[in-house]
Amino acid sequence: MRIHTIQHVAFEGLGAMQPYLEKQGHELSFTHLYAGEALPNVNDMDALIIMGGPMGIYDDDELPWLKDEKVFIKQAIDAGKKVLGICLGAQLIADVLGSTDSKRAVYAGKHKEIGWFPIQTSDELQSTILDDVFPASLDVFHWHGDMFDVPQGARALAASEACPNQGFVYQDRVVAFQFHLETTPESASALIKHCGDELDGSTYVQSAEDMLRDKQRFATLNQTMFAVLDRMGI
């Protein structure tokens, strides 16, 4: 399978997904938007993975490539591709698919959510390809301040105390996670290094030490990511 990844910053890559996908024999390609690289033809891939980043989806003036990226994501969805969005990637998908009402599809959350916090899965997940992948509650890794509404026609995935919409599944081939399942100790450390100024000690923001204390949590997290990829046929 030809899998293309959009990367917004150098320090937010595929994480644990890359060696897993390479082991499956998939053909991987990348667009590093922060380096000025061009997006491919949508017909040159079978699946699209959109990674995270510290910017917001409405930073078009500062980052003009965001406009082209949104068009590309819409083309991929309309072309029937498998699409996975993580954090900013999920927010971009939500923006492209649109909100269920007149509000913006993506907006600032009431709380920043950074570190390990549990999500509670939605009953709607039972009617999707991710049925039985997630337990009723799961500790996952977060790093976000914005949040999204679940688009019309999509199935809600989960919620947390800080963020009522943690993901969705659309047409059983488009999956969006506000949280991170791909994170490794190395990629978490890179986030802390580059975005550590966000660790303000607020209610749902953990310290760097707390985030990195238990390395086994990452391995458990990654197994859920691999199960998601398997269900998506990636």
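Remark: pairs (first residue in the stretch 122-133, under 15 Å from Ala227 (Cα atoms); second residue of a type in the set (Asp, Glu) and surrounded by 11 or more Cβ atoms within 10 Å (Cβ to Cβ); Cβ separation under 7 Å; 6+ apart in sequence or on different chains) = Leu125/Asp131; Thr128/Asp172; Ile129/Asp172.
Identify, from the list Leu221, Leu212, the residue that is touching a Pro at 6+ places or on another chain (Cβ under 7 Å), at pLDDT 95 or above and under 20 Å from Glu113 (Cα atoms). Sole residue among the options that is touching a Pro at 6+ places or on another chain (Cβ under 7 Å), at pLDDT 95 or above and under 20 Å from Glu113 (Cα atoms): Leu212.
Restricting Ala219, Ala162, Ala227 to residues that are part of a helix (DSSP H, G or I) and either surrounded by 22 or more Cβ atoms within 10 Å (Cβ to Cβ) or in contact (Cβ under 8 Å) with a residue 24 or more places away in the chain (or both) narrows the list to Ala227.
Of Pro64, Pro40, all but one fail to be out of contact with any helix residue (DSSP H, G or I) (no Cβ under 6 Å at 6 or more places or on another chain) and surrounded by 13 or more Cβ atoms within 10 Å (Cβ to Cβ); the exception is Pro40. All conditions but one from (1) more than 24 Å from Gly167 (Cα to Cα); (2) at pLDDT below 95 apply to Ala35; the one that does not is (2). Per the listing Phe168, Phe179, the residue uniquely modelled with pLDDT of 95 or more and touching a Leu at 6+ places or on another chain (Cβ under 6 Å) is Phe168. Selection of the stretch 116-136 for residues being assigned to a loop (DSSP other than H, G, I, E, B) and not aliphatic (A, V, I, L, M) yields Ser122, Thr128, Asp131, Asp132, Phe134, Pro135.
For the stretch 45-82: of the residues being outside any loop (DSSP other than H, G, I, E, B), among the β-branched types (Val, Ile, Thr) and under 16 Å from the mean Cα position of the chain (by Cα), which is farthest from Ala188 (Cα to Cα)? Residue satisfying both the conditions and the ranking: Ile77. Check the stretch 30-44 and report whether any residue there is part of a loop (DSSP other than H, G, I, E, B) and hydrophobic (A, V, I, L, M, F, W, C). Looking through the stretch 30-44, at least one residue is part of a loop (DSSP other than H, G, I, E, B) and hydrophobic (A, V, I, L, M, F, W, C). Here is the figure for the stretch 1-44: residues that are among the charged types (D, E, K, R), closer than 19 Å to Lys70 by Cα and under 20 Å from the mean Cα position of the chain (by Cα) total 1. Restricting Leu199, Leu181 to residues that are in contact (Cβ under 8 Å) with a residue 40 or more places away in the chain, over 21 Å from Phe226 (Cβ atoms) and hydrophobic (A, V, I, L, M, F, W, C) narrows the list to Leu199. Among the residues of the stretch 177-211, what is the count of those that are of a type in the set (Ser, Thr, Tyr), farther than 19 Å from Ala90 by Cα and part of a helix (DSSP H, G or I)? Here the count works out to 1. Check the stretch 63-83 and report whether any residue there is free of Cβ contacts under 8 Å to residues at least 24 places away in the same chain, among the charged types (D, E, K, R) and over 24 Å from Leu130 (Cα atoms). Yes, there is a match, as at least one residue in the stretch 63-83 is free of Cβ contacts under 8 Å to residues at least 24 places away in the same chain, among the charged types (D, E, K, R) and over 24 Å from Leu130 (Cα atoms).
The values are calculated or read from the model by the stated rules, or taken from the named source; none is laboratory data. Keep in mind that what you see is a predicted model, and the values were worked out from it rather than measured. We place every Cβ from the backbone using ideal geometry, glycine too, and count neighbours over all the protein chains shown.
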